[in-house]
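Peer 1: The structure is given below, and queries will be raised subsequently.
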Amino acid sequence: MSKALITGASSGIGAIYADRLARRGHDLVLVARTADRLQAVADRITAETGRSVEIITADLGQADDLARVEQVLREDVAIDTLVNNAGFGSVMPLIASDVARMDEMVAINVTALMRLTYAAASGFAERGQGTIINISSIVAIGPEILNGVYGGTKAFVLAFTQSLQHELADKGVRVQAVLPGGTATEFWGIAGYGDYANSPQTMPAEAMVDAALAGLDMGEVVTIPPLQDGAMWDAYEAQRRTIARNLAHATPAPRYTAEPAPAA
Ligand code: NAP
């Protein structure tokens, strides 16, 4: 029996992943804070697909709640798919934003995602199979677009996923970072830019998730649904890898060791 645990499944992208993974034959464990919304998603999916759906009401910013979800990932060996989707953003410039709220953002977008991945990954590797889908964002490669802490959290998700791929691919574990662009969900209201959800530039959440799953089926490690020309990412990634292979030097580059020009 194959089971997927999805965080942030009470609305938006996470609720669509729940629907799509159930239709692909997974039973589900859905996690979020709002019990009645989670239950509504679970009831609809069970009615439409016949899959079994458990819900866990948890605030992933609270250590005890997060530990409960980690324990489920460690102990339920039927779980073979983890979708780390819960998260939130902000459009506020850094100096106008509340540092406590930024701290909460790091707790959900980074710490919870990292801890849940740890909880799942060793069992997946031992069993030689599993899939970890981490929801990043286009701001991972465009940190100037929105709030800088948000961009930083999503850059962490991208780098962490690339590192996991490096470590886990030969153990039968698949990992994928998904970088959505503007997607029509409640995200924008929570981030402080509600109208953007209705902008003609935002992608419906259904189309975003279907594209992300198509990328997973194609074996992509990084999937960017709104990027029209995939060759752009391939070139960017090839350049990053080239630079990364050229960084082991005991001496600084000559441009940093030249004698300063005499003052005019
Ligand atoms: P959303 O509709 O606001 O969904 C966010 C989900 O996360 C909800 O189910 C929410 O449920 C859950 N969540 C938030 N804080 C939580 C906490 N402390 N503990 C547990 N669950 C929590 O927004 P979305 O667009 O679907 O966002 C999903 C992911 O996509 C996020 O990681 C976001 O950064 C990313 N993303 C979104 C966009 C976009 O344009 N929408 C673009 C790029 C990336 P409860 O409130 O019930 O807890």
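Please treat every number below as a calculation from the coordinates, not as lab data. Since the structure is predicted, the reported quantities are computational estimates derived from the model, not experimental observations. Cβ atoms come from the backbone with ideal geometry, glycine included; neighbour counts cover every protein chain shown.
Peer 1: Just subtract the alpha-carbon distance of LEU94 and ASP43 from 0.36 nm times their residue separation and send over the number in nm, one decimal.
Peer 2: Gain on extension, LEU94 to ASP43, equals 14.3 nm.
Peer 1: Could you check the spin-label model distance between ALA264 and GLU186? Points 7 Å from the Cα along Cα→Cβ, value in nm.
Peer 2: 6.1 nm
Peer 1: Could you go through the stretch 218-231 in sequence order and give the Karplus-derived ³J(HN,Hα) for each residue, using 6.51 cos²θ - 1.76 cosθ + 1.60 with θ = phi - 60°, rounded to whole Hz, and x for Gly and Pro?
Peer 2: Per-residue couplings from phi come out as 7, x, 6, 8, 10, 10, 10, x, x, 6, 6, 10, x, 5 Hz.
Peer 1: Efficiency by 1/(1 + (r/R0)^6): what FRET value for MET232 and TYR196, r their Cβ-Cβ distance, R0 = 22 Å, to the nearest 0.05?
Peer 2: 0.40
Peer 1: How do 84-90, 140-146 rank on mean C-beta neighbours within 10 Å, highest first?
Peer 2: The peptides rank, most packed first, as 84-90, 140-146.
Peer 1: For the stretch 65-72, take each phi angle, set θ = phi - 60°, evaluate the Karplus expression 6.51 cos²θ - 1.76 cosθ + 1.60, and give the result in whole Hz per residue in order, putting x for glycine and proline.
Peer 2: 5, 4, 4, 4, 6, 4, 5, 4
Peer 1: Take the alpha carbon gyration tensor of the stretch 80-231, find the square roots of its eigenvalues, order them as a ≥ b ≥ c, and report rounded if a/c is under 1.5; if not, report prolate when a/b exceeds b/c, else oblate.
Peer 2: oblate
Peer 1: What nm value, rounded to one decimal, do you get for the distance between ALA125 and ALA214 when each label is placed 7 Å out toward the C-beta?
Peer 2: Taking the two extended label points, one gets 3.4 nm.
Peer 1: Name the long-range amide H neighbours of VAL29: under 5 Å, sequence gap of 5 or more, or other chain; modelled H, no Pro or chain starts.
Peer 2: Amide H neighbours of VAL29: ALA4, LEU5, ILE6, GLU54.
Peer 1: Do the sum for the chain: with -39,500 (n - 2.57) for every DSSP H run of n ≥ 4, divided by all residues, what is the mean residue ellipticity at 222 nm, to the nearest 500 deg cm²/dmol?
Peer 2: Rounded to the nearest 500, it is -14000 deg cm²/dmol.
Peer 1: Per-residue HN-Hα couplings for the stretch 29-38, Karplus 6.51 cos²θ - 1.76 cosθ + 1.60 at θ = phi - 60°, whole Hz, x for Gly and Pro?
Peer 2: 10, 10, 10, 5, 7, 9, 4, 5, 5, 4
Peer 1: When the scattering of the chain is computed by the Debye formula from its Cα atoms alone, each counted once and equally, what is log10 I(q)/I(0) at q = 0.14 Å⁻¹?
Peer 2: Debye output, listed in q order: -0.98.
Peer 1: Of GLN129, ILE190, LEU146, which is farthest towards the positive pole of the chain's charge dipole, taken about the Cα centre with +1 and -1 on the beta-carbons of Lys, Arg and Asp, Glu respectively?
Peer 2: In the chain, that residue is GLN129.
Peer 1: What's the longest piece of the chain with no exposed trypsin sites (Lys or Arg not before Pro), counting a site as exposed if DSSP puts it in a loop and it has at most 14 other beta carbons within 10 Å?
Peer 2: 25-244
Peer 1: Another question, if that's okay. So how much slack lies between TYR118 and THR34, counting 0.36 nm per residue of separation and subtracting their Cα-Cα distance, in nm?
Peer 2: The TYR118-THR34 span can extend by a further 27.8 nm.
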